[in-house]
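Below you'll find the structure, written out as structure tokens, and then a few comments.
The values are calculated or read from the model by the stated rules, or taken from the named source; none is laboratory data. None of these values were measured; they are calculated from a predicted model. Every residue, glycine as well, gets a Cβ built from its backbone with ideal geometry; the counts of neighbours run over all protein chains shown. The protein model used for the area step is the full one, side chains on, heavy atoms only, and it has no ligands, DNA or RNA in it. Shrake-Rupley method; radii C 1.70, N 1.55, O 1.52, S 1.80 Å.
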Amino acid sequence: MSNDPFEIEQQKLLNEAIQVVNEQGQCMKIELDRNSLRSALTACASMISELRTSLLTPRNYYALYLVASQHLNSLTEHIEMGDHGLSMNELYELVQLCGNILPRLYLLIAVGSCYIKSKEIPAKDIFHDLVEMTKGVQHPTRGLFLRSFLSDSTRELLPDRGSEYNRGSTVNDSIDLILTNFTEMNKLWVRMQHGKSFISQARKEAERKQLGSLIGKNLQRLAELEGLTIGIYQSDVLTRILKQIDKCGDVLAQQILMETLILAFSDEYHLRTLPTLLDTVLKLTDGVNIQSIVGLLIERLSAYIKENPSKSTHSQGVEEEKDIFLVMSDYVVQVASERDYVDTPDMLRLIGSLLNMVFECFPGEIPYVDIIFDLVYVHIDGKTRGETSDCDEILRETRKLLLVPMETFQNITTLLDLSNYTKVIEILPYEERKYVVTRLAQNAVDNDTQLTSVEEVDLLLSLLGPLVRDCDDKTGNDYDEDFDEEQNLVASMISLFYNPEFETHINILSTAHEHFSAGGIKRITYTLVPLVFSTLQLIQKSGTQDKTLLRKALKLAGTAVTSLHSAGKPDISFRLYLHAALAAGKLGLPQMSYDFLTKGALTIYDEEIASPKNRFDAMILFVAALKELDCFSHDSYDTLVNQTAVTCSRLLHPEHQARALTATAGLFVSALDYGENQFVEAKLMKDKLSKAAKLVNAMEPDYQELKEELILEMLDYGVYLVGANNLDPTTLSSLITVTKNFFEEGKTSNTSAHAIHLKKTLKRINQLSSENEAYGEVDIYQLKDFFS
Amino acid sequence: MEHQLETEPGVLEGSTMFEFSFDNAEKPFESYNGMNVRLRYFLKLTIMRKFAANITREHELWVINYPSQQLSPKNPSIKMEVGIEDCLHIEFEYFRSKFHLNDVILGKIYFLLVAINIKYMEIALIKKESTGSGHNVYNESDTLAKFEIMDGAPVRGEVVPIRIFLDGFDLTPTYNSIHSKYSVKYYLNLVLVDEEDRRYFKQTDIQLFRLPPENSKREGFAQLEDPDKQPPSKRRKKKKSSKSKSKK
């Protein structure tokens, strides 16, 4: 319970009043049980006199009213039983002797409803009398509840199609009763705000708002009348309701009643009376949030059309349905232009309902969506960058609007076709734009939406500005914790670019490259690498023989790598050059391959790869790539291999040199294909190995462990080369000799890990000798002593 | 008028019956029991004795007169516009000015201008009894009933109905200068009370008459107890400051 002294006082007053009501109600019941109706009426009048209070707030008054009306129910029940000895007419006059108006009228209504129920009199006579007499209560709260009581008491008694109270009355009488009561109640309700009061204005308005349902109840009653046909509604009822709403000029009343009207009556009725309804809404007092009213209307109509597609198609044809959208969108434009004060966020919410309508009712009408975004554009243009105080809200609503079609279509290419949609995105401030385009990109990735034309990709990547490049209007630091995620998202979009036409696909990638390369050093690391891979993959899969196209594609890859290289990414560029070279080689473009290796990879190696470790890694990769390539002429290959060998031998650390040289040895086998020079090749291979062995040998004895490791690697590679590259078995034998000496010098225990490794290698050679006789020639017995 | 029942003196023993008749005894006025005046008809029996005081007994008769001739069918309405400049303008209308004792007073009040906060409006039924004649007239009023006809403040343009059943009140017809001794008149006093408890009122003369029972369909029934006697808890009670309003 509240600690507000006012509330406490209210609660006290209410409790006291309820107590009196209950006491008097109890008295009334006792008298009724004794069948002493006159005394019961007296008690009842005293009970209702409690409702004469002016001290309770409307809410508490309502609570009191409920208690009292319950007691009144037992009175009417008793009267209806009819053994009280008075005619209905006598009773109807009897209650009017009461000197106080409020109890008198409550009793009159209670008895009047019994009178109608007795069917001794046409309902309309009583209706008319009651409506007339209630005019005596002009106090807003008391009058409102009295009329509410009238409305509730007559609810079951309304003449209507199929009602049993039709004698001498028609549904029109019910309509008159309800409408008059509605009008009277509304007048009092509106007046409520003016009276002097012991509560604050804001509180008063809040309480008044709660009472809105009492007035709105009348509209629901009307809607419940079965005899209220569309004809009557259109020609009479609606006009009268709207006139009252219009005339009262009260913001709160107009707002609530219009909404109630829309909710109470069937959507079919609204559809038929749309122009009238819309006209009235437009004329509502300034300050009424008509956007929300129209929004509600649109929602209802959409739901109706959606639920009854066949109905509207049959009766009015599809054209009619489309008209509704156009009618409503034109109307929204009108609302914006004719109302002096347009609250943009509300306007956007309204446009949102329109958008929902399109999706609910006209899912195929993509152009409608564009019309809607044109509206959005018009409304937010010039308001998105903090010009107005409600900017944040505008942006929030705009964001909602932009996300809806994304979620609905699940295909961003549809959106890219909508020029107004993209136009709206473009005028958003940076952060907001970034958010929206991120969602856009995410949507494409999630839905695996393929982007198949250069134009689409061009448009999309322009739109994705904040993700793809540094924007003029950027705020704060782009390279924050989200940067990584964002760029990965952009990168994953590359896999969506696709066109079965190889050339188009290349053009798409080329367009993408143009956009990406403008993205700055940090971005291209993320974007260009996948672009290069995507290009290379495309080339490999394409199966095309068109060298011109292939060259174009490779050139694109090359340019991308160059961009990366100039962005200061030597390691990754080096590797990508190798990939490009491999691709070119496999496609039979040795010149391009050669250029990638020499002008690309090796230049980078020479100029920019600095750390010994990286240089070593690079060379190992280079050797591996070279080993895969078989497109070169002998001379070119020779040059490359020799160059490689020289480069390897210039590595800083001996162990790097040793390993690299060992690897280089493997390159020579390719030379076998060139035929005549195989002895030279074999010799060179042997040279490299023995040079490597010497290098190992020359290392400081402190590095025994490392030395053993290196020599073992060499030995293993030698074993491989015998099989793969026709290495002279004697070379391997001598390698074994070197190893033996080495282990002996190092006094390595024959149970150490390296020793065990060596044993396994020997065992392997032994095994292999049964498959390849070359292995049989390897002298492994020289090691017998060593392992004995 | 006097009748001698037993002309011979003698002794009365036991129960004896005498027949008598006052033919054409005039009873021009109705019996009336007012505040300061009473009109009585009674039989007075006197037994005269020689040696002791006479014995007298009275038996009252209540006389009601139905109008012998048809009342004039003219029954004009009472219509009046009253108000205080820039403050309040109302027009009230009683549809008739003459009522029989079981009649209904019907009427309407039109609010033409309301610039004060009206709290409620009531109509009081007032009986005014004048006794004496010439310089010695003594008037006494009695408010028979107050009948609330409006609760709260109306706005301009509102029309509030009046409907008062006279059944519930103890009424007599209007008496005009009965035997040149007294008159009884009835007034309707329309009273408006504002939030500051200022009262604005206008008194209007009405005429009451008696209808033969066959013409008066209504039967009297008990008036409901006035709930005003049990005010809602906490109702503010202030001394009312009276203020007469002038006629326009």
**Report entry** C-alpha long axis of helix A:201-224 to longest principal axis of chain A, angle in °
**Finding:** 80 degrees
Query raised in the report: Going from most exposed to least, what order do A:VAL281, A:VAL251 have by accessible area with a 1.4 Å probe?
Result: A:VAL251, A:VAL281
Query raised in the report: With respect to the cross-link table entries A:LYS187/A:LYS283; A:LYS423/A:LYS555; B:LYS27/B:LYS127, which display a Cα-Cα separation exceeding 27 Å?
Result: A:LYS423/A:LYS555
Requested in this report: Work out the count of Lys pairs in region A:203-256 where the Cα-Cα distance is under 20 Å, with the pair 8 or more places apart or on different chains.
Outcome: 4
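Count charges around B:LYS44 for me, please; just the other residues with Cβ under 14 Å from its Cβ, Lys/Arg as +1, Asp/Glu as -1.
Details: positive: B:ARG40, B:ARG57; negative: B:GLU2, B:GLU58, B:GLU60.
Neighbour charge sum, excluding B:LYS44 itself: -1.
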Query raised in the report: Listed highest first by mean packing, meaning other Cβ atoms within 10 Å per residue, what order do A:516-525, A:328-337 come in?
Result: A:516-525, A:328-337
Query raised in the report: What's the average, rounded to a whole number, of partner chain beta-carbon atoms within 10 Å of each residue's beta-carbon in A:183-194?
Result: 1
Query raised in the report: Under a straight-distance cross-link criterion of Cα-Cα below 18 Å, which aspartates and glutamates are reachable from A:LYS306, leaving out those fewer than 8 residues away in the same chain?
Result: A:ASP267, A:GLU268, A:GLU319, A:GLU320, A:GLU321, A:ASP323, A:GLU360, A:GLU365
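Tell me the relative contact order for region B:81-144 as a rounded percent, counting alpha carbon contacts under 8 Å between residues six or more apart.
It rounds to 25 percent for region B:81-144.
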Query raised in the report: Tell me, which longest segment in chain A has none of the GluC sites (Glu not before Pro) that fall in DSSP loops with at most 14 further Cβ atoms within 10 Å?
Result: A:502-675
Report task. Find, among the trypsin sites (Lys or Arg not before Pro) in region B:1-70, those assigned to loop by DSSP (not H, G, I, E, B) with at most 14 other beta-carbon atoms within 10 angstrom. Result -> B:ARG40, B:ARG49, B:LYS50
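Peptide A:102-108: average number of partner chain Cβ atoms within 10 Å per residue? Working shown, then result.
On the way: counts 6, 5, 6, 1, 0, 1, 1.
Whole-number average of other-chain Cβ neighbours for A:102-108 is 3.
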Query raised in the report: HN-Hα J couplings of region A:605-617 from phi, Karplus 6.51/-1.76/1.60, θ = phi - 60°, integer Hz, Gly and Pro as x?
Result: 4, 5, 8, 10, 8, 9, 5, x, 4, 5, 4, 4, 4
Report summary line: Between chains A and B, the summed loss of accessible surface on complex formation, probed at 1.4 Å and reported to the nearest 100 square angstrom, is 3400 Å²
Report task. Please figure out what share of the DSSP beta bridges in the protein assembly as shown is antiparallel and state it in percent, rounded to the nearest 5. Result -> 90 percent
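Please report Rg over Rh for region A:1-110, where both radii come from the alpha carbon positions and Rh follows the Kirkwood definition.
Rg/Rh for region A:1-110 comes to 1.04.
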Report summary line: Summing -39500 (n - 2.57) over every DSSP H run of at least 4 residues in chain A and dividing by its residue count gives a helix-only mean residue ellipticity at 222 nm, to the nearest 500 deg cm²/dmol, of -23500 deg cm²/dmol
Report summary line: With a ≥ b ≥ c from the Cα gyration tensor eigenvalues, square-rooted, and the rule rounded for a/c under 1.5, otherwise prolate when a/b > b/c and oblate otherwise, region A:452-601 is oblate
Report summary line: Note on region A:193-296: alpha-carbon gyration tensor, axes a ≥ b ≥ c; rule is a/c under 1.5 for rounded, else prolate if a/b larger than b/c, else oblate; result prolate
Report task. Answer with one residue from A:ASN411, A:CYS361, A:ILE372: the one whose Cα lies farthest towards the positive end of the charge dipole of region A:344-444, charges on Cβ with Lys, Arg +1 and Asp, Glu -1. Result -> A:ASN411
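What is the local net charge at B:SER97, summed over the other residues whose Cβ is closer than 14 Å to its Cβ (Lys, Arg +1; Asp, Glu -1)? Walk me through the numbers on the way to the answer.
Working: positive: B:LYS74, B:LYS79, B:ARG96, B:LYS98, B:LYS185; negative: B:GLU93, B:ASP103, B:ASP205.
In short, +2.
Give me the dipole magnitude in Debye, nearest 20, for region A:111-269 about the Cα centre, with unit charges on the beta carbon: positive for Lys and Arg, negative for Asp and Glu. Walk me through the intermediate numbers first.
On the way: 21 positive and 21 negative charges, 154 e Å.
That gives region A:111-269 a dipole magnitude of about 740 debye.
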Query - Sulfur and carbon atoms: percent of accessible area, chain A [1.4 Å] - result: 49 percent
Report summary line: For A:LYS400, the accessible surface traced by a 1.4 Å probe with all protein chains present amounts, in square angstrom to the nearest 10, to 110 Å²
Requested in this report: Enumerate the calculated ³J(HN,Hα) couplings along region B:106-118 in order (Karplus 6.51 cos²θ - 1.76 cosθ + 1.60, θ = phi - 60°), each rounded to whole Hz, writing x wherever the residue is Gly or Pro.
Outcome: 10, x, 8, 10, 9, 9, 9, 8, 10, 10, 10, 8, 7
**Report entry** Between 0 and 90°, nearest 10: helix A:454-463 axis offset from chain A longest Cα axis
**Finding:** 70 degrees
Query raised in the report: For region B:44-157, what is Rg from Cα atoms divided by 2.2 N^0.38 Å, rounded to two decimals?
Result: 1.81
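Accessible area per residue, 1.4 Å probe, Å², for the protein assembly as shown: what's the number? Could you put the intermediate results ahead of the total?
Numbers: 48980 Å² over 1036 residues.
In whole numbers, the protein assembly as shown has 47 Å² accessible per residue.
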**Report entry** Net charge of neighbours whose Cβ lies under 9 Å from the Cβ of A:PRO570, counting Lys and Arg as +1 and Asp and Glu as -1
**Finding:** -2
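Rounded, prolate or oblate for region B:177-217? Axes are the square roots of the Cα gyration tensor eigenvalues, ordered a ≥ b ≥ c, and the cut-off for rounded is a/c under 1.5.
On the way: a/c = 5.41, a/b = 1.79, b/c = 3.02.
Taking the square roots of the gyration eigenvalues as a ≥ b ≥ c, region B:177-217 is oblate.
Residue by residue through A:49-57, how many Cβ atoms from other chains fall within 10 Å of the Cβ on average?
Working: counts 8, 5, 1, 8, 5, 8, 5, 2, 0.
Mean partner-chain Cβ count within 10 Å for A:49-57: 5.
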Report task. Compute log10 of I(q)/I(0) for the protein assembly as shown with the Debye formula, placing one identical point scatterer on every Cα and leaving out solvent, at q = 0.05, 0.07, 0.08, 0.09 Å⁻¹, to two decimals. Result -> -0.62, -0.84, -0.96, -1.09
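Give me the percent relative contact order of region A:402-456, please, defined on Cα pairs under 8 angstrom at least 6 residues apart. Before the final figure, lay out each step's value.
Details: 32 pairs, mean separation 26.0, N = 55.
Relative contact order comes out at 47 percent.
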Report task. Using θ = phi - 60° and the Karplus relation 6.51 cos²θ - 1.76 cosθ + 1.60, list the HN-Hα couplings for region A:369-379 in order, rounded to whole Hz, with x at every Gly or Pro. Result -> 4, 5, 4, 4, 6, 5, 4, 4, 4, 4, 7
**Report entry** Mean separation of Cα contacts under 8 Å (6+ apart) over length of chain A, as relative contact order %
**Finding:** 4 percent
